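First the structure, in the form of C-alpha cells, and then the observations on it.
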Amino acid sequence: MVDSSAPALLRVDGLTVEFPGVRALDGVHFDVAPGEVHALVGENGAGKSTLLKVLGGLHRPSSGTIHLADRLYRPRRPADATHAGIAVIYQEFNLYPDLTVAENVFSGREPYHPFHRGIRYAEMNRKAAALFATLGVSIDPTAPVSSLTVSEQQLVEIAKALSVDGRIIVMDEPTAALSADEVTRLLDVVRRLRAEGRSVIYVSHRLDEVFAVADRVTVLRDGRHVRTTDLSATSSDELVRLMVGRDVSSMFHRDDVAGGDVVLELDRVSAGRRLRDVSIVVRAGEIVGIGGVAGAGQPELSQVIFGAVAVKSGRMLLSGEPYRPKGPNDAMKAGIGFLHEDRKAAGILPDLSVRHNLTISVLDRVRGLLGRLLSPAAELGIFDTFRTRLAIRTTGPEQLIGQLSGGNQQKVLFGRALAPGGRLLVLNEPTRGVDIGAKVEIHHLINEITADGAGVVMISSDLPELLGISDRVYVLASGQIVGHLTGADRTEENVMLCATTGRRVFSAELVA
Amino acid sequence: MTAVMRKAPLLLPLLGVLIVLSVTTDSFLTGANIENVLVAAGIVAVPGLAMTFCLAMGEFDLSIGSTVSLAGVVCCSAIIAGQPAAVAMAVALAVGAAIGLANGLVITKLGVTPFIATLATLVIVRGLSLAYSDGHDQIVSSAALKYLVGGRPLGVPMPIVLAVFATAAAWWTMNRTRFGRWVCAVGSNREAARVSGLPVDRIRIAVYVLVGVAGGFWGLLISSQLQKGNGQLGMGFELDAITVVVIGGTALLGGRASILGTVLGAVLIETIRNGLNLLNTPPAYQRISVGLLLIAALAIKGIRRAEATTMPATAPEVAR
C-alpha cells in the first residue's frame, strides 16, 4: 500500500477545459503519489478522456494548474509530456504496424553509430527485449507490430513508456479488447510498474480490475470531481452510485423465456479459418449467448451468419428455408440485423449525421417521389422512432454521429441494426466501451426486442452480461462448440471451464 | 453572411478576384468575356461533378485525361468513317463507360489501389488513343458535334446549359438519392458501409463508370471545340478535374461532398486563367498560379483543422 499522505508526484488543481458550447472539465482536482496506482472512473462523457488528453499535451486547459514534482507542468504538445516523464497510452494505439516491435519502442530515439549514423539494430533489439523482461513478458523485438495480438501491442506501448523512463504511465481502458488471461497478465504488469516505484493512472469501466489493482480511485461525473477514496474504504456498489449519480440495478436479469419457432439453425457449419462443425439453434423471442475466450471464433460465427464469411461445409436454415447469403447485403434483405464488435472501424459513418447513420441500411424504404428519391420526411420518421425508443441523446437528426458519446453512438448503431425490422439480430459485444447507464439501457432494449418476437444471437466477452441476459449459452473453444448451458448451469465457472479446458458441458441437447 | 461563408467558402475569393480583374483590366467586365469564362468553366465543371462523387467516396481517378483523348479520337474517326454524329458520340461515351468499368473492376475485384489502377489506365488508354489515331489529327466537320460547344439554345451557349443541367442532376443525385448517400457512406467508412449491407463494390464500380462517361463527354466537348480528335489531347486534364473538386471543398478523404463547391471551383479557376490571359501572363505562369491556388485552398482548410485539433481532437462528447 502507498502512503497517500506522501507528497504528490502529480497534482491537478481546479482544472477546467472548455470546448465551444461544452465544459468538458469543470474545476477538477486530483493527485497521484509516487508508486501509486490511481484509478479514474466515470461514465462516458464524464471527462476522463479530456483529462488524459490534457496530461498528454493534446488539449490545453482554460484554467487550473498541474504540478509535477512541485513544478508547474504545462504541456503544449505531446513531446512535452514525454519529456516530463508522463506516458499516455490511449485506447487507440500509436504504433506503426509495418515496423518491428523494437523500431516502435525506440521510434525517434533509435541508437545509432556515431560515425556512419546507421541504426544499431542489435543494440536496439537487445534493449527492447530487456524492457519486456522487466515487464515479465516475452515478445520478439524483431516481429512486425502487425503480427501481434492487441494485448501484445499494448505491452509494446508500455515498453515505449518505460524506454523514455516514464514516471507516470497513464492507461486508457487498457483491457477493453483483452481476454481474461490477457487481463490477468496486464494487471501483473501494472503491479510490477508500481513495484518499481512508477505511478500508474488507470482508467477503466471494469470495477473488478480497479479493485484488483488500484490503491485509490477518483470518480468523475459530468466533468466534475465527485470523490477520491482508498479502494479499501469503498465498494463497487458505491462507486457505481457515485459514477451514475443515481441508483442502478447493476445488472439486468432476464426471466427464462421458452422461445417460439426456430428462426436460425446452423447445421455442422465449418467456415473461415476457425469454425468447425458448429451447430446452433436460435428460436423466436430467445437470446442466445455465445461465450468463449478471445480468439475462439466468435467474430467468425457472427460473420458467417451475416454472410461476410462463406460457409465451407454444412448448411444454414432461416425459418426452415435454406439460407445461403453471398454477402451482408443478402443477410440484410433476409431480415437479419448486425452489430459489429468494432464500433469505430466498422460501425459509425463519422462524416454523416445521426439521421443518415440510422437509415443507411434501409434507404430503399424511405424512397418517396418517383420511387427513386429519398424522402426526408420518412427518414425523420425513422429518426424520431428510434430516438424515442432507444433514448438516444442527441441535439437532433443533423448532428454528426462522431459528436455523440460512445453509448449513444452504440444506440444509433442498434437502431441501424433494428431498422430492417428483422426476425434475427446478431449482436457483437453490444456494450463494449459504453458506460454503465447506457449498458443497462441496452440490456433492457435487447430484452424488448425479443419480446417483439425477434431472435437474438449475442456474442459477449463480458461474462456477467452474457449470463445475465442470455436464455441459453453456447461456448466456443478453438472454433468448436464445446458447451451448451441452460437454466442453472449458466454459471461463470461452467463457461470458463468449457472455454479454457475444452471440456464439454452440455446441459441440453446441442440443438435444443 | 457567416452561414453563406461556411456553405460556400469560395464565394469571397471569387468576389475578390472579380473585383481585382474588373479594376485592373478594361476587357474583363464585358459580356463577351464573362461568357468566355462561363463557357470554359462549364466545360471543366461537367467532369468535375463526376469526379466529386469519386472524391466523396475517398478515391480518385487519374485516367480521365486519356479518356478525353480516346473518346475524341473514336468519335471523330467514326464520323470520318461515315457514321452519323449521334452514333459516333454514343460510341465515344460507351468507350468512356468501358474505361470506367475496367477501372472499377480492377480496383474492386483485383484489389489494386485506385491510385495505381487509374495511373495504369491513364498510360494504357493514352497508348490506345495514340495507336488508334496513328499520331494524326482526325479532323472532322460535323454540325452536330460542333453544336455541343458552339450551339446557343435560347441564346445561351451550350456548355453553360449543359453545366447547369449537370449541376442540378449531380446535386440531386448526391443529396436526394440513395446512390449519393451510399457514396458518402463508402467514403466515410467503407467497412461500416459493407457491414451495413451496402453493395460496396457495385457502388465503387458505378462511380468509376460515371467518371468514365463524364471523361468521354469531356472528350466530345474538346473535339467539338477543336473539330478534331488527337492522341495528344487531354494531357494533364485529370489534374484539372481533381483541382476544381478539391478547391471546391470536397474532402480528399471522402465522406462529404460539395457539388456547388465544385461548380464554384470551376468558375474560380477559369476566372483566374482568363484574368491572367487578359493581363498577358504567359501560360507557364498560369500553371504556377493554379498550383499556388490549390495549395492556398488546402492550406486554409489545413490551418482550420489544425486549430480545431489543438482544441478537441474530435468534437467534444455531448454532455449528458
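Nothing in this text is a laboratory measurement; each read-out follows from the coordinates by a stated rule. This one's a predicted model, so the numbers in the text were calculated from it and none came from an experiment. Methodologically, a virtual Cβ is constructed for each residue, glycine included, from the backbone with ideal geometry; neighbour enumeration extends over all protein chains shown.
I need A:436, B:259 ordered by Cβ neighbour count within 10 Å, fewest first.
Numbers: A:436 22, B:259 27.
Listed from fewest to most nearby Cβ atoms, that is A:436, B:259.
Report, in debye and to the nearest 20, how large the dipole of segment A:345-419 comes out about its Cα centre when Lys and Arg carry +1 and Asp and Glu carry -1 on their Cβ. Each step should come with its number before you reach the end.
On the way: 9 positive and 5 negative charges, 37 e Å.
Computed about the Cα centre, the dipole is about 180 debye.
Give me the lysines in straight-line cross-link reach of residue A:160: C-alpha distance below 20 Å, same-chain residues under 8 apart excluded.
By straight Cα distance, residue A:160 reaches A:53, A:127.
Work out the mean other chain Cβ neighbour count within 10 Å for the residues of B:173-182 and drop it here as an integer. It would help to have the intermediate numbers written out before the result.
Numbers: counts 2, 0, 3, 7, 5, 9, 3, 1, 9, 2.
Averaged over the peptide's residues, the number is 4.
From the square roots a ≥ b ≥ c of the eigenvalues of the alpha-carbon gyration tensor of the protein assembly as shown, which class results: rounded (a/c under 1.5), prolate (a/b over b/c), or oblate?
Numbers: a/c = 2.06, a/b = 1.53, b/c = 1.35.
Verdict is prolate for the protein assembly as shown.
Could you put B:217, B:165, A:211 in order, starting from the residue whose Cβ has the fewest other Cβ atoms within 10 Å? Display every interim value, and only then the final one.
Values: B:217 24, B:165 11, A:211 16.
With the fewest neighbours first, B:217, B:165, A:211 line up as B:165, A:211, B:217.
Which residue fluctuates the most in chain B, going by a Gaussian network model with Cα springs under 10 Å, if the choices are B:150, B:291, B:234?
B:291
Run down the aspartates and glutamates and flag those whose C-alpha is under 18 Å from the C-alpha of residue B:146, throwing out any fewer than 8 positions away in its chain.
B:35, B:137
Rounded to the nearest 20 debye, what is the charge dipole size of the protein assembly as shown about its Cα centre when +1 sits on each Lys and Arg Cβ and -1 on each Asp and Glu Cβ?
Numbers: 78 positive and 74 negative charges, 365 e Å.
It works out to roughly 1760 debye.
What residue among B:114, B:47, B:13 shows peak mean-square fluctuation when chain B is described by a Gaussian network model with Cα springs under 10 Å?
Answer for the Gaussian network model of chain B: B:13.
Looking at chain B as a GNM with Cα springs under 10 Å, which of B:160, B:288, B:242 has the largest mean-square fluctuation?
Judging by the Gaussian network model, the answer is B:288.
For peptide A:352-364, how many partner chain Cβ atoms fall within 10 Å of a residue's Cβ, on average?
Whole-number average of other-chain Cβ neighbours for A:352-364 is 4.
Note down the relative contact order for segment A:408-473 as a percent, whole number, built from C-alpha pairs under 8 angstrom at least six residues apart. Don't skip to the answer; put the middle values down first.
On the way: 51 pairs, mean separation 23.8, N = 66.
This gives 36 percent for segment A:408-473.
If you take every DSSP beta bridge fully contained in the protein assembly as shown, what fraction is antiparallel? Give it as a percent rounded to 5.
Values: 47 of 83 bridges.
Around 55 percent antiparallel, to the nearest 5.
Rounded to the nearest 20 Debye, what is the dipole magnitude of chain B about its Cα centre when Lys and Arg each give +1 and Asp and Glu each give -1 at the C-beta?
On the way: 21 positive and 13 negative charges, 173 e Å.
Charge dipole, chain B, about its Cα centre: 820 debye, nearest 20.
For segment B:70-167, what class follows from the C-alpha gyration tensor (a ≥ b ≥ c being the square roots of its eigenvalues): rounded when a/c is under 1.5, otherwise prolate if a/b is larger than b/c, else oblate? Before the final figure, lay out each step's value.
Numbers: a/c = 2.65, a/b = 1.47, b/c = 1.80.
Note, shape of segment B:70-167 comes out oblate.
With a ≥ b ≥ c the root eigenvalues of the C-alpha gyration tensor of segment B:8-302, is it rounded (a/c under 1.5), prolate (a/b larger than b/c) or oblate?
Working: a/c = 1.66, a/b = 1.08, b/c = 1.54.
Oblate, because a/c is 1.5 or more while a/b does not exceed b/c.
Most exposed first by the Cβ proxy, i.e. fewest other Cβ within 10 Å, how do B:238, A:321, A:238, A:286 rank? Mind dumping the intermediate values first?
Working: B:238 25, A:321 8, A:238 13, A:286 22.
Listed from fewest to most nearby Cβ atoms, that is A:321, A:238, A:286, B:238.
Using the charge dipole of segment B:8-302 (Lys, Arg: +1 at Cβ; Asp, Glu: -1 at Cβ; taken about the Cα centre), state which of B:39, B:237, B:91 has its Cα farthest towards the positive end.
Toward the positive end, the furthest listed residue is B:91.
So which lysines pass the test for residue A:326, namely a Cα distance under 30 Å, with those fewer than 8 places away in the same chain ruled out?
Cα-Cα hits under 30 Å: A:312, A:344, A:411, B:109.
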